[in-house]
Amino acid sequence: VQLQASGGGLVQAGGSLRLSCAASGISFGINNWAWYRQAPGTQRELVASIGSGGSTSYADSVKGRFTISRASAGNTVYLQMNSLKPEDTAVYYCNAPRAYPHYWGQGTQVTVSS
């Protein structure tokens, strides 16, 4: 199983990025997804999650700015990030907390300049 995150980059404050995470080597579609992030010297934190019924949850720090969604095929998850702030700078990781909780992938770097 591999989780390949992409879409990160360098953006100015106030800008937007859309992250994608594609799962390969899976035996069935994934309905529960989560995005985490980790900045240097900090612990990995949960940013957003989406459940099997489509319900979503967000960290307070990103509410109203980030949107998590998934492809109907169940093998890709997205994170639309708007109004980015310098404090959003981190490596972003996707995770399938129920299906493959121990798989993380390499993450994608997001850097927001002020």
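The values are calculated or read from the model by the stated rules, or taken from the named source; none is laboratory data. Quick caveat, the model's predicted, so the values are computed rather than measured. Quick reminder, even Gly has a Cβ in these numbers, built from the backbone with ideal geometry, and neighbours come from all protein chains shown. SASA here: full protein model, heavy atoms, side chains in, ligands and nucleic acids out. Shrake-Rupley method; radii C 1.70, N 1.55, O 1.52, S 1.80 Å.
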Along Cα→Cβ, 7 Å out, is where each label goes; now give me the distance between the ones at Q2 and Q43 in nm to one decimal. 3.1 nm
At a 1.4 Å probe radius, which order do W104, W33 fall into by accessible area, largest first? W104, W33
Within segment 65-93, find all residues whose amide N lies under 18 Å from a label point positioned 7 Å from the Cα of L10 along Cα-to-beta-carbon. 84-92
Given the candidates P40, I68, T111, the one whose Cα lies deepest towards the positive end of the charge dipole of the chain, counting +1 at each Lys or Arg C-beta and -1 at each Asp or Glu C-beta, is I68
Report the gain in length on full extension from R98 to I26: 0.36 nm times residue separation, minus Cα-Cα distance, nm rounded to one decimal. 24.6 nm
In square angstrom, what is the accessible area per residue of segment 16-114 with a 1.4 angstrom probe? 50 Å²
For the chain: Kirkwood Rh in Å [reciprocal of mean 1/r, alpha carbons]: 13.9 Å
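Could I get the Rg over Rh figure for segment 61-114? Both from C-alpha atoms, Rh via Kirkwood, rounded to two places. If you can, show how the numbers build up before the last one.
Numbers: Rg = 12.7 Å, Rh = 12.7 Å.
On the Cα set of segment 61-114, Rg over Rh gives 1.00.
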Roughly what would the spin-label model give for Q106 and A73, points 7 Å off Cα along C-beta, in nm? 2.2 nm
Which whole-number percentage describes the relative contact order of the chain, with Cα contacts under 8 Å and a sequence gap of 6 or more? 38 percent
Judged on accessible area alone, 1.4 Å probe, highest first, E45, E87 line up as E87, E45
Note down the accessible area of L10, probe 1.4 Å, to the nearest 10 Å². 130 Å²
Descending accessible area (1.4 Å probe), largest on the left, turns R98, R44 into R98, R44
Evaluate the charge dipole of the chain about its Cα centre and quote only its size in Debye, nearest 20, assuming +1 on the Cβ of each Lys and Arg and -1 on the Cβ of each Asp and Glu. 140 debye
Taking springs between alpha-carbon atoms closer than 10 angstrom, which of S61, S69, S83 fluctuates most in the Gaussian network model of the chain? S61
